[in-house]
1. Rounded to the nearest 0.05, what FRET efficiency do A:Asn684 and A:Val796 have when you use their Cβ-Cβ distance and R0 = 25 Å?
2. Taking 0.36 nm per residue of separation and subtracting the Cα-Cα distance, what length does fully extending A:Glu411 through A:Cys484 add?
3. Please compute the contact order of chain A in relative form: average sequence separation of alpha-carbon pairs under 8 Å and at least six residues apart, divided by the residue count, as a percent.
4. R0 = 45 Å: FRET efficiency of A:Asn383 with A:Trp222, Cβ-based, nearest 0.05?
5. From Cα pairs below 8 angstrom and at least 6 apart in sequence, can you work out the relative contact order of segment A:1-123, rounded to a whole percent?
6. Count the net charge of all other residues whose Cβ sits under 11 Å from the Cβ of A:Val453, scoring Lys and Arg as +1 and Asp and Glu as -1.
7. Considering only protein heavy atoms and a 1.4 Å probe, what is the carbon-and-sulfur percentage of the accessible area of chain A?
8. How much accessible area per residue does chain A have, in Å², with a 1.4 Å probe?
Amino acid sequence: MKYDFTAIEKKWQAIWEETKPYAAVTGDTTRPKFYGLIEFPYPSGQGLHVGHPRPFTALDIVTRKKRMEGYNVLFPIGFDAFGLPTENYAIKNHIHPAIVTKNNIANFTSQLKMLGYGFDWDRCVDTTDPKYYKWTQWIFLQMYKHGLAYKATMPVNWCTSCKCVLANEEVVDGVCERCGSEVVRKEKSQWMLRITKYAQRLIDDLDDVDYIERVKIQQRNWIGRSTGAEVTFKTNIGGEVTVYTTRADTLFGTTYMVISPEHPMLNEWKDKIKNWDEVEAYQKEAARKSDFERGELNKDKTGVRLDGIEVENPVTHKMLPMFVSDYVLMGYGTGIVMGVPGHDQRDWEFATKFGLPIVEVVAGGDITKEAFVAKDDSAVMVNSGFLNGMTVKEAIPAMKKYVVEQGIGKEKVNYKLRDWVFSRQRYWGEPIPLVNCEKCGWVPLPEDQLPLVLPQVDSYEPTDDGESPLSKMTDWVNTTCPCCGGPAKRETDTMPQWAGSSWYFLRYMDPHNDKELASKEALEYWSPVDWYNGGMEHTTLHLLYSRFWHKFLYDIGVVPTKEPYAKRTSHGMILGEGGEKMSKSRGNVVNPNDIVAQYGADTMRLHIMFIGDFEKAVSWSNEAVKGSKRFLDRCFNLQDMATDDENISAKNESIVHKTIKKVTQDIDELKMNTAIASMMTMVNEFYANGCSKGDVRALCLLLSPFAPHMVEEMWENMGFAAKEGKMAMQMPWPEYDEAKTVDATREMAVQVNGKLKSTITVPSDSEDSVVIDAACADEKVKRLMEGKQLVKTIVVKNKLINLIIK
RNA sequence: GCCGGUGUGGUGGAAUGGUAGACACGGCGGACUUAAAAUCCUCUGAUGCUUGCGUCGUGCCGGUUCGAGUCCGGCCACCGGCACCA
């Protein structure tokens, strides 16, 4: 019988379309639930990339096995369809983004169906559907009402050539991703989300979830918690300034102060600063610089002394000069830093350049050459008054205690995490459902007016002045205030792409609900997501954002769990042949359609899993695909080779049970490559020993999650479908008998003085004495032992014996 | 600079501290064929000789251990992320 994969796959996909074996049933209490989730794709014009099938196939296999194990499985799919590439394509080709999106989704859908994934298509969501984004807008309004959304003036990325605002992701190495022109910072009023309010909980609750460790580490680092102290310094002009430091112990070594050029206090001091012109020029220069110039290129310290301003060091009582310098960031701490050049390299560079005193307060380095930043905290304090002789470890709390007692400071925790810039001056995003009234200020749209639908516009190109294309729609912009009925204007910015994806997994639970984002029953039943797999690139974006939204929804009683995802895993990238990134310019992009056409979807699925460790990057090889196809051919041919016996044959019993055990364990650990290897080993044995119909039946059940089309065809051909009245995928997952995985005899390694010299075959679980006797009886061992004495033996049961001789 | 990760045959990759290289690609040889493809079977880390055995071998240098790809210390290289966060 020939393995005609094209016909087979077409046939079974039609059957599944018709019978919906993947439908999830909300509220089915007869079975445990399992919610498996993959990151829904952005439906780009290029169609499915070979990178997509890797995570999709892995979780498809996991969820198929869960179904066979009796779970009520939710494995949904949808499309994260708002976003710039679609908008740019629409602008270029003069097609409405909604049409582009519709076409792309249709293309993606057919590609995903072509690969035979067990998605519950009836629950498919599309973030650009007003029925969906109604609830994205609703969540935003709840955040607004709870004070988590606010408007603030923020510097944004501005492309000097395109004359438009760019998202951070569009700025690559300081230039515009599209045109390569310089990107500068421009102040704009933006909607912000107060994610920083959740910083501590976003760290703490990582302890309660099962994420792979590198995801947790990356999130913790990104949130960047640090503990330190705020210390207040008195100024010579009657006020005071506060700094944040993690090194309170170095206060005696503070020889100057630095303030950020954006700091509002500078303006307050305008009259007291004698060289204001110079300071103002520096401020302007700093504002003009791009982040790139300010950061990466220009580590050279610059600054201007504030002539007329001095502050008193509260422990040395010396008067210190104050500088403005752009190495101090306004967004972190207090925007003012105490300069400790002896023990901070940046301060050392600044002090060296400006000829400021460098004082050693921690012994152990050579501060004439560079700042001494102790690697451990056991270094000893010097030149530090009451701290002298203490270690850094002792001095930090001692100084904190001191400043608190003196009323000049307090303990303080800081985070690197910033609030989330939530507006985009773009067309293809969710409209922000707020209006600005001259009398009432910002007023939320009443909830019964949601969704606020994107209006049809003639041109969705960004405007010259950086306003959203929606701002040109005066009919839409001008509206009445829901509060006072007076004239008002709509917000014309839209939400970023991350909005719709921050809660989509909730919508899958109840995707057609028009009363709530999802029913209480559905949320209670399906929450949390049991297993979420996605890319590492989303760790500090989507994954963090959606945890934040979910915690907010938990706080207002919408969702039943604190955390959205119980488990998170991450896949490695698929690289091109030779280990390079796949890209159009390199011409090494693999299109899944081509692989499916040539080898079939089952081979594609199997191969993408076999190719290597799921978590690691692997390079694609067109040559190697043949091996996976060859394996499926060999499986398919077993139908004709097998004897009629429907039991597992005695000669294959051991290998079959071993393989069931291995595949069962490996799927749960996402080690699909070794699961497949063990099935290959089993099939090789079938070829060597012959096999029964029962043996092939076991193979079918194990292989079903990997190669569902071919397995159903074999299952039907061999009469199991008729006999069981079920498809293979609906059968219970096979169980193994531990006793049957054990062979009667074992080959054991024999080492002499730790080196492998021979092997012996002994009955399984032999006593040590039996093994030792057998080893000593071995011809090679006898030769080596001639004239020597056996001083020690080490026996590792069923594996190895090591004879130590002298 | 900081935080992760990786380094194993010609190639992709396997190995709870216990026979390194499972499984696969590629290659050699054989069977089948007029022939080729496909399929099936054998062999395939390097090296030496007497073909049975020896020696070497998991980025480099040390250590722990009866035994190290695996653990520890110190390096090197590459990949990813963050980066003037006080």
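1. 0.35
2. This chain segment gains 21.7 nm when fully extended.
3. On the way: 1440 pairs, mean separation 111.8, N = 806.
Taking the mean separation of contacting Cα pairs over the length of chain A, I get 14 percent.
4. Working: r = 37 Å, r/R0 = 0.82.
Result of the calculation: an efficiency of 0.75.
5. Result for segment A:1-123 is 37 percent.
6. With Lys, Arg at +1 and Asp, Glu at -1, the net is 0.
7. Working: 17560 of 35180 Å².
Its accessible area is 50 percent carbon and sulfur atoms.
8. Each residue of chain A exposes 44 Å² on average to a 1.4 Å probe.
The values are calculated or read from the model by the stated rules, or taken from the named source; none is laboratory data. Predicted, not measured: the structure shown is a model, and the values here were computed from it. Here the Cβ is made from the backbone with ideal geometry for all residues, glycine too, and neighbour counts use every protein chain on show. With ligands, DNA and RNA removed, areas are computed over all heavy atoms of the protein, side chains included. Shrake-Rupley method; radii C 1.70, N 1.55, O 1.52, S 1.80 Å.
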